1. Once the Cα atoms of helix 188-197 and of the chain are each reduced to a long axis, what angle between those two axes, in degrees from 0 to 90 to the nearest 10, is obtained?
2. For GLU462, what charge total do you get from the other residues with a beta carbon under 10 Å from its beta carbon, if Lys and Arg give +1 and Asp and Glu give -1?
3. Please compute the Kirkwood hydrodynamic radius of the range 474-514 from all pairs of different C-alpha atoms, in Å with one decimal.
4. Pop out the ³J(HN,Hα) list for the range 446-451 in order, Karplus 6.51 cos²θ - 1.76 cosθ + 1.60 with θ = phi - 60°, rounded to Hz; leave Gly and Pro as x.
5. Which percent of the Cα-Cα distances in the range 379-458 go past 14 Å?
6. Tell me the angle of helix 601-618 to the major Cα principal axis of the chain, expressed in degrees between 0 and 90 and rounded to the nearest ten.
7. Rounded to the nearest angstrom and ordered from largest down, what semi-axes does the equivalent ellipsoid of the chain get from its C-alpha gyration tensor (root of 5λ)?
8. Using 0.36 nm per residue, how much length does the chain from SER172 to ASN216 gain when fully extended, once their Cα-Cα distance is taken away?
Amino acid sequence: MSDTETELISRSLCGIVDIGTNGIRFSISSKSSHHARIMPCVFKDRLGISLYEIQFPYKDSLEQIPIPNDIISEIVNAMKRFKLICEDFGVSEESVRVIATEATRIAINKDQFITAIWKGTGWNVEVLTPEEETRITTYSLVASFNDVNGLYLDLTGGSVQLSWVKCNLNGSGEIEYCHNPITLPYGASVITKRLRLENKITLFNEIKSSFIKQINENWEIPRDMMDMAAKNGGIDLWMRGGGLRSLGHLLLSQNKDYPIQTIINGTSVPFQELESMTDYLFLKGKLPSPPLGKTTKRVFKVSEKRALQLPAVSVLMTALFDVLPKIKTVYFSEGGVREGTLYSYLPRDIRSQNPVVVASRPYAPLLSNKYLDLLMTAIPKNKVPSIVVDLIAPALCNLAFVHASYPKELQPTAALHVATTGIISGCHGISHLIRALIGIALCNRWGGNIPETEELYMQSLENLVLNDSNRMQARRIVWWTKYIGTIMYVICGVHPGGNIRDNVFDFQVIGNNCRLKSTTKKMKELLIDEALLDSSAGTHNESLPKELALSESIGTNKEQNDDYIPPLTQTKTLSTDGNEHYPTEYEVLVNIGKDDLKTSASVRARIITLQKKIRKLSRGNIERVKVHVQVKED
């Protein structure tokens with residue numbers, strides 16, 4: 001008897017209970033191999049009981065008490081309810097894990113607590129050792145991004161941990177991390193309470209001295225990581241934990257034009273922004289006023305409890321910044337025990353998968369690989385930033401037709417938001433940078449005709465990218481992202497059915513800074529927009545239909561010709577590093593059959609649009625592409 005579809009789905013589901021420091025989280029997730037990398041969750045719930053604060057209830061003392069019986073009963077009842085939910089989803093008993101961390105590990109009546117859960121549910125509680133917790137939280141960080149290479153700070157209610165992580169080197173899925181991290185008793189709740197009892201400067205000096213001592217005694221950042229930091233202008237810092245996520249939300253709230261306010265995972269900010277905020281919180285002891293134009297003082301996803309903790313968190317961060325090497329960029333992670341546990345199940349080949357490609361794969365046309373192959377013929381692959389070639393282009397081809405049923409006016413706008421509020425916005429592991437780029441690319445795939453408000457949103461996405469890294473490199477990334485989106489506008493217009501027909505048209509990159517030369521197959525060069533639109537064309541080539549003949553007068557007055565781009569020797573661009581850079585120019589041919597060009601107004605219109613858009617993109621940019629059309633003769 002064959003398995004039913006329900007049984008197959010249920011078999012891939014697993015339940016996880018995370019008994020954490022500041023809450024108890026329940027979840028049911030799928031670990032089916034085709035989407036395991038993005039860890040889709042079908043159920044989430046949270047019981048807002050802080051086991052740390054329950055055990056340390058006194059405002060003027062750090063005295064610990066046992067977990068009260070009524071709290072234990074409330075937790076057990078919540079677990080009983082979750083057990084019923086697991087049954088409803090078809091999750092087997094063997095597929096449920098109950099995992100407890102620091103707050104349970106240090107409980108005076110830990111055994112009573114664990115026994116009560118077992119009697120109420122039949123579930124055994126896995127109390128992680130410090131080493132096991134380090135491994136799981138490290139995995140949760142890696143699961144939240146694709147590439148991680150830098151320092152790692154994990155802040156809980158009771159302690160703070162400083163480590164380093166390197167992962168997905170060369171796409172292998174391999175993870176290296178520090179097995180002897182610095183762990184100190186300066187959690188968000190601890191510091192908040194101590195600041196009520198102690199002098200802020202005294203506590204600051206204590207935290208700073210403790211980190212210096214630990215670093216000097218038995219902790220070292222890998223030499224290759226430090227060498228890379230010296231080359232790149234600083235080391236990156238990756239952060240997780242509720243107090244640090246709240247700090248990230250506070251930073252986002254101060255920039256009302258930031259385009260992705262609702263997703264904290266994958267956020268990155270220049271170190272100077274974080275340092276300025278922690279300095280303010282340290283000196284003022286309160287949250288800053290909302291920016292001009294914001295009508296409420298409420299900070300999204302920052303509870304009253306977290307708001308009271310943030311000045312205390314700033315004491316920790318300010319002390320830590322005094323002892324760390326130069327930091328370049330700070331990243332915020334939302335990963336927790338659920339993500340770390342699920343990631344620990346994955347084989348290396350799945351770990352190495354990129355989340356945005358996995359998330360977009362269910363929406364791909366049957367022959368998306370053919371679309372990608374054709375797109376790749378239109379770009380000089382070795383010269384284009386790898387993030388565009390390896391990540392954005394495959395995801396773009398996967399998502400190329402997902403908005404096909406939408407009204408024409410809505411398609412580019414919906415595409416722009418695809419990774420921020422659209423169909424892949426809920427995917428775990430996609431950075432804000434990738435979310436912005438895939439929206440920009442897909443919007444251009446649908447022609448890019450959007451209203452003014454959406455143009456402002458598009459600009460905010462571009463600014464997000466430009467502020468993320470080296471500005472010259474970021475400009476190149478944005479440029480090529482728009483370019484591949486525009487190329488796909490033509491490809492999908494010519495091949496709208498999810499299939500690439502042979503010998504209709506293709507692209508050819510002639511080269512870097514090279515003159516266009518005639519090649520094989522007895523082709524004729526054609527600047528299609530002028531040929532079709534210039535009614536005053538000169539002598540027509542007899543081998544082409546009259547309406548497609550090339551005007552010999554095109555380009556005679558170069559400065560007045562829309563297609564003219566100044567010679568490379570005339571234009572320089574000053575980069576943010578103070579160096580002058582000459583633009584790089586490429587010639588791209590669209591090789592198309594005469595009959596296909598002649599009989600399809602849609603094809604002609606899209607190629608005209610392609611030339612105009614690429615020409616507009618090229619003006620004033622470090623990257624330039626000139627698009628020509630050559631008609632294949634029979």
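1. Helix 188-197 sits roughly 50 degrees off the main axis of the chain.
2. With Lys, Arg at +1 and Asp, Glu at -1, the net is +2.
3. 12.2 Å
4. Those phi angles translate into 9, x, x, 8, 10, x Hz.
5. 60 percent
6. Between helix and principal axis, roughly 70 degrees.
7. 53, 29, 20
8. The span from SER172 to ASN216 would gain 12.6 nm if fully extended.
The values are calculated or read from the model by the stated rules, or taken from the named source; none is laboratory data. The structure displayed is predicted, hence computed values, not measured ones. Cβ atoms come from the backbone with ideal geometry, glycine included; neighbour counts cover every protein chain shown. The area values use the complete protein model at the heavy-atom level, side chains included, leaving out ligands, DNA and RNA. Shrake-Rupley method; radii C 1.70, N 1.55, O 1.52, S 1.80 Å.
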